[in-house]
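The values are calculated or read from the model by the stated rules, or taken from the named source; none is laboratory data. Nothing here was measured: the structure is a model prediction, and the numbers come from that model. Glycine also receives a Cβ, built like all others from the backbone with ideal geometry; neighbour counts cover every protein chain displayed. Accessible surface is based on the protein model in full, side chains and every heavy atom, while ligands, DNA and RNA are left aside. Shrake-Rupley method; radii C 1.70, N 1.55, O 1.52, S 1.80 Å.
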Amino acid sequence: MIGTWAVGGAFVRGARGRRALTTVIPCLWVLGALCWELLTPHDTEVVPLLAAAPAIACASSGRRRCILLLGGASMLFALGPPSTLEPDGDVEESHASLVSCGAILAVVVASYLTNGRRLRLVRELEQLRAVAAAAQDAVLRPLPARLDGIEMAAGYLSASRGAAVGGDLYEVLATAHGVRLIIGDARGHGVGAIGTVAAVLGSFREAAHDEPELTDVMRRLDRALQRHLHERALGDPPAGEEPRTPVAEEFVTVLLLEMGPDGELTALNCGHPWPYLLSQDATGGARVPGGEARARRLDLGQVLPPLGPFPLPDDLPAARGAPLQPGDALVLHTDGAEDARDAHGTFFELGPALVKAAGTGPIVPAAVVDGVRSAVLRHTGGRLADDVALLALRNETKTG
């Protein structure tokens, strides 16, 4: 996932080039063996090297037709008359040709059967990937492009190769109490943290509709996480997680946001980074057409400890912020974005990347997410130490 997204079209062109190269390699092997046979003295036996051509075709291109064609061509060359540089063949040379043909035939049969098993495994792998993709989409559902006057986009980069989700989570829901969203980060990353993510997101999807107060939503999340950790402590650890991981050390950072009809913000933060505000004016003023966007950290108040290690206090301080102005955007992220480092240990600068991704025109959430995600991958070279989740929301309501 990471690599394919990072290089985009260059990755596709590189893959095509590699496929073409793997097809050419066995043909070059046969051509090289024949040239060696023709250009060396007659006492040098090079023809048996042709037996390796079908095996190379099986290992490289994996095409049955290529295996059969190369095997047949190699047998014809092995049975062919000696070169003009060699004397007439005798009985021993005929026996050697038959032995070479037998070796080539054996390699062709073995390669053909091996390739058939490989194709079956590839089909099974594709089916498993389809099932895994459906399961991952059920955990971290794709967001709609628009919801109750808000244009949104989300992106995810998993630190575990082959996984589309991991320890980061997000969700946006339109409820009777306003648009509510969550972004969080479970301890760890990759497949081992999916169970915790599923427990928190499942609870949020119910509580966001049921609870009129954001503080009650957070308490529901805390209870769901405690139940999940208790059940996990009684059973076997999930796949991908170390058995020695103490449940007492598990935690989830959570940021809850509620946006009212006029863009007013209510937030409750348990150990998560505050979002960035993208606007034309650093103070949140109206955007000037053609001007450069500005990004600033939106600090809405007290940050509580993450969910898990400590119980929630009796009094949860839900903070209220200034309304999100039409045309402005919020960019929520997990700490994997700002903690990403390059080969020299330099941290990724999220603020300047947001400004560059927003450009000079109207803020487009999808462009912001894609630009930042691409910048993170370029900065790290596609080698992420932690999952990265990005969520951009733009207030597209009209003024007046």
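Structure notes:
- In the stretch 385-400, the residues that are surrounded by fewer than 22 Cβ atoms within 10 Å (Cβ to Cβ) and over 19 Å from residue 144 (Cα atoms): 385, 386, 398, 399, 400
- Subset of the stretch 292-311 that is open to solvent by less than 30 Å² (accessible area, probe 1.4 Å) and in contact with a helix residue (DSSP H, G or I) (Cβ under 7 Å, 6 or more places away or on another chain) - its residue that is farthest from residue 204 (Cα to Cα): 293
- Residue that is most open to solvent (accessible area, probe 1.4 Å) [pool: residues in the stretch 316-341 that are of a type in the set (D, E, K, R) and out of contact with any helix residue (DSSP H, G or I) (no Cβ under 9 Å at 6 or more places or on another chain)]: 320
- Residues in the stretch 202-257 that are closer than 18 Å to residue 272 by Cβ and assigned to a loop (DSSP other than H, G, I, E, B) were compared, and the one that is modelled with the highest pLDDT is 251.
- In the stretch 115-148, the residues that are out of contact with any strand residue (DSSP E or B) (no Cβ under 7 Å at 6 or more places or on another chain) and small (Gly, Ala, Ser): 116, 130, 132, 133, 134, 135, 138
- Within the stretch 349-380, the set of residues being more than 24 Å from residue 145 (Cα to Cα) and open to solvent by 50 Å² or more (accessible area, probe 1.4 Å) comprises 349, 352, 378.
- Long-range neighbours under 6 Å by Cβ, at least six apart or interchain, first residue without any contact (Cβ under 8 Å) to a residue 40 or more places away in the chain within the stretch 171-184, second open to solvent by 10 Å² or more (accessible area, probe 1.4 Å): 174/147; 174/148; 175/209
- Filtered residues of the stretch 104-161 (kept if outside any helix (DSSP H, G or I) and modelled with pLDDT under 75): 160, 161
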